[in-house]
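Below is one structure, written out as structure tokens; the observations come after it.
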Amino acid sequence: MAERIGVLGAGYVGLTTAACFAAMGNQVSAVDIDEAKVSRLRTGEVDLAEPGLAELVAKGLREGTLAFSGDFAAVAGSTMVFLCLPTPPGEDGTPDLRALRGALGDLGRVLASGTIVVTKSTVPVGTAQRVPEYLGRADLPVVSNPEFLREGHVVHDFRCPDRVVVGADPPDSLAADRVARLYAPTGARVVRTSSASAELAKYASNGFLAVKASYANTLAELCEQCGADVRDVSAVMGLDPRIGPHFLAPGPGWGGSCLPKDASALLRAADSAGVEFGLLRDAVRVNTRQRTRMVRAIRTAATGRPDGSLDGVRIGVLGLAFKAGTGDVRDSPAVAVAAELVRQGAEVTAYDPAVQSEMDGGTVVDDPYLVAKDAAALAVLTEWPEFRDLDWRRLAEAADRPVVVDTRNVLDPGILAEAGFARIGVGTPVEVPDACSRPRLHPQALAGPLQQRPDRPAAARPVRGAGGDRRTGPGGRP
């Protein structure tokens, strides 16, 4: 049976939820307080570079199953309302629920009795039980339905989820039944739990991914010290079905809008409960150290010394988004590393196919070949596939020194060797073709720059766009 669905928030989660539910045959009204965004969405203009999302929005508008508004009254006739609102971390790491609480106060004044209120926002354990208090009424059933969407794959993940979690008290309530039925077209397994278990499951999942990614980065550091290749080691590990191949690739650290925030919230929850979660705390520490290690590697490659001065040294950066497939720079390790290079005096020129923002103290260009001009070193900080297919001979000719720090291990060593590039990876042997043994390279830079111990963390900096500052460091939220 089709539902009349209201969605509060039209960001990554909210817009995807609204568009996908509309495509499943429901009548959906999405509300957002950003009137400019609402105006754009009404014309089918989608700001998010997500495959298939703009097409679904256009389809919903065309068929009349999807509408956008800036007024809470638009969801007054809904049979269920999904909360897809930001819950950024506060100064102490606790999620800030002010947007959620404010919206629920407004919602409580317009909804009909019996309307199901569904929390998709990532919220602390116990939030669902407090929702009636925030609504100011107890006649609205509450269900927890956390999202597990990956940026760059949100439409696919919503329509083909590996699991759907529906939490309610009790788990077999009629409200939970109706929410679970919404996902029947996906064919996904629905896990029914209490609201507390559903809320904690989201944090637990992202916390584990953070631990696994930091394990991979620590393993890469060990490989550098003992002469192993992390690509081979992780491939062997990934063949074990108990481990799996995902999140075993080292890099400049994990970031984005979810993992840092959720790791912080999970640690805060553990502290409040008197539980010592040292494993996750160490993962966060490793993540900070990894960004610092990447800065040191790039500095060594560019100057020939781990402590070499970067004043006036030109460095070309490929990638600013926190991962490939998205233009999101929130808490991006790439931005943090680039910003620290700038802070240490480097002249940084950066390119990212999905990021057009400006960078404090650096230059963002729209042509990848411009980053190599007179560069003492290049650094790949985001794993965009197109970087593998660049004309590396052309880059070598433009660079002052043909050396690249491949922090994502995505480049083809053979292609680099033919172009005359030395490659410094993460957890891999330094690859120096015969053609590179020339004065244009610092021999010391190729002796294992990642083996040096870090000195201090790479601080994140703001990235400014046309609409004002976009904070992209720790704590940086939209």
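The values are calculated or read from the model by the stated rules, or taken from the named source; none is laboratory data. A quick note: this is a predicted structure, and the numbers were derived from the prediction, not measured. Glycine also receives a Cβ, built like all others from the backbone with ideal geometry; neighbour counts cover every protein chain displayed.
When you look at Asp282, is it out of contact with any Lys or Arg (no Cβ under 9 Å at 6 or more places or on another chain), modelled with pLDDT under 95, surrounded by 14 or more Cβ atoms within 10 Å (Cβ to Cβ) and not polar (S, T, N, Q), yes or no?
On the way: out of contact with any Lys or Arg (no Cβ under 9 Å at 6 or more places or on another chain): yes; modelled with pLDDT under 95: no; surrounded by 14 or more Cβ atoms within 10 Å (Cβ to Cβ): yes; not polar (S, T, N, Q): yes.
So Asp282 fails the test.
Looking across the range 229-286 at every residue that is assigned to a loop (DSSP other than H, G, I, E, B), small (Gly, Ala, Ser) and in contact with a Ser or Thr (Cβ under 9 Å, 6 or more places away or on another chain), the one that is farthest from Ala213 (Cα to Cα) is identified as Gly256. When Lys212 is tested against (1) outside the structural domain of Arg281 (by TED's automatic domain parsing); (2) touching a residue at least 12 places away in the same chain (Cβ under 8 Å); (3) of a type in the set (Lys, Arg), just one condition goes unmet, and that condition is (1).
Among the residues of the range 64-76, are any within 28 Å of Ser194 (Cα to Cα) and out of contact with any Lys or Arg (no Cβ under 6 Å at 6 or more places or on another chain)? Write out each step before concluding.
Applying the first criterion (within 28 Å of Ser194 (Cα to Cα)) to the range 64-76 yields 75-76.
Checking which are out of contact with any Lys or Arg (no Cβ under 6 Å at 6 or more places or on another chain) leaves us with 75-76.
There is at least one residue in the range 64-76 that is within 28 Å of Ser194 (Cα to Cα) and out of contact with any Lys or Arg (no Cβ under 6 Å at 6 or more places or on another chain).
The residues on offer are Pro429, Pro433, and the sole one that is modelled with pLDDT under 95 and out of contact with any helix residue (DSSP H, G or I) (no Cβ under 8 Å at 6 or more places or on another chain) is Pro429.
Being assigned to a loop (DSSP other than H, G, I, E, B) and at pLDDT 95 or above holds for only one residue in Val38, Val46, Val81, and it is Val46.
For beta carbons closer than 7 Å, sequence separation of 6+ or different chains, a first residue in the range 227-255 that is of a type in the set (S, T, N, Q) and a second that is outside any helix (DSSP H, G or I), the qualifying pairs are Ser234/Leu248; Ser234/Ala249.
Among what's in the range 366-389 and is more than 16 Å from Ala301 (Cβ to Cβ), touching a residue at least 60 places away in the same chain (Cβ under 8 Å) and surrounded by 14 or more Cβ atoms within 10 Å (Cβ to Cβ), pick the residue that is farthest from the chain's Cα centre (by Cα).
At the first step, the residues of the range 366-389 found to be more than 16 Å from Ala301 (Cβ to Cβ) are 366-370, 373, 382-389.
Add one more test, that the residue is touching a residue at least 60 places away in the same chain (Cβ under 8 Å), and what stays is 382-385, 387.
In the following step, the residues that additionally are surrounded by 14 or more Cβ atoms within 10 Å (Cβ to Cβ) were identified as 382-384, 387.
Working: Thr382: 12, Glu383: 13, Trp384: 14, Phe387: 20 Å.
The residue in question is Phe387.
Among the residues of the range 49-67, those identified as in a helix (DSSP H, G or I) and more than 14 Å from Phe158 (Cβ to Cβ) are Ala54, Ala58, Lys59, Leu61, Arg62, Glu63.
It is to be established whether one or more residues within the range 154-175 are assigned by TED's automatic domain parsing to the domain that holds Ala324, acidic (Asp, Glu) and surrounded by 15 or more Cβ atoms within 10 Å (Cβ to Cβ). No, the range 154-175 contains no residue that is assigned by TED's automatic domain parsing to the domain that holds Ala324, acidic (Asp, Glu) and surrounded by 15 or more Cβ atoms within 10 Å (Cβ to Cβ).
Is the range 176-196 home to any residue that is within 21 Å of the chain's Cα centre (by Cα) and either crowded, with 17+ Cβ neighbours inside 10 Å or in the same structural domain as Cys84 (by TED's automatic domain parsing) (or both)? Step through it out loud before you land on a result.
Our first condition is that a residue be within 21 Å of the chain's Cα centre (by Cα); within the range 176-196, this holds for none.
No: the range 176-196 contains no residue that is within 21 Å of the chain's Cα centre (by Cα) and either crowded, with 17+ Cβ neighbours inside 10 Å or in the same structural domain as Cys84 (by TED's automatic domain parsing) (or both).
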